[in-house]
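The values are calculated or read from the model by the stated rules, or taken from the named source; none is laboratory data. A quick note: this is a predicted structure, and the numbers were derived from the prediction, not measured. Cβ placement follows ideal geometry from the backbone for every residue including glycine, while neighbour counts extend to all protein chains displayed.
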Amino acid sequence: MHIDRPIIIALTLFIILLLVFFLVVPEYNNFKASQVVLGEKVAEFSAKYDYYATISKAMAELQSRKDDIKKIDDALPQNSDLGKIIYFLQETAKDKGLVVKDSFLSKSSVNNSKANAGNVIKDISFSLDLSGNYLALGNFISALESSSRIFEITSISFSAPANSVSQNFNMQIITHSY
């Protein structure tokens, strides 16, 4: 039996084409799909890496500014510890030469104009009745201004009792907290 050479060549080419079509092309398509998935994963990884690098950089910057952040927390604390505030005001007045005759909480209210992103700033208003001289009052006001906590003096009223060297002062002071 003798088979023609052109038929064998045509048959061999046909078999090779069938093998390529059924075996190689599907694997090539899987390879291309895998490359697309790999590209997406690399892009996702790069985005997450950049995100975490940015967070790490911000965290390092916050750590380097720890003292500044502490000053801000002291100026506007999260809790309104009224005892500490009254104690601070009494001790500062005493150190500056004033006598605190009376101190009381005037009001504590939420300041809606200062509300931001869920954090509500509360205004705490105090009234102090003080006795002393004008120089001591000036020193007390300077001490409040240089304090790490934010104090706003809204009003001061003066009265001079008869036959006395010292003056009486009534101060309205507002401070803030979260």
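Details
- Residue within segment 52-71 that is in contact (Cβ under 8 Å) with a residue 40 or more places away in the chain, part of a helix (DSSP H, G or I) and basic (Lys, Arg) present: yes
- Every condition in (1) more than 43 Å from the chain's Cα centre (by Cα); (2) assigned to a helix (DSSP H, G or I) holds for residue 2 except the one numbered (2).
- Options 70, 48, 41, 94; residue that is modelled with pLDDT under 90 and out of contact with any strand residue (DSSP E or B) (no Cβ under 6 Å at 6 or more places or on another chain): 70
- Qualifying residues in segment 97-118 (those that are at pLDDT 65 or above and loosely packed, with under 12 Cβ neighbours inside 10 Å) - the one farthest from residue 83 (Cα to Cα): 102
- Criterion: surrounded by 10 or more Cβ atoms within 10 Å (Cβ to Cβ), of a type in the set (Ser, Thr, Tyr) and in the same structural domain as residue 123 (by TED's automatic domain parsing) - qualifying residue of 52, 87: 87
- Residue 169 being in a strand (DSSP E or B), within 11 Å of residue 98 (Cβ to Cβ) and not charged (D, E, K, R): yes
- Residue within segment 21-34 that is β-branched (Val, Ile, Thr), assigned to a helix (DSSP H, G or I) and modelled with pLDDT under 90 present: yes
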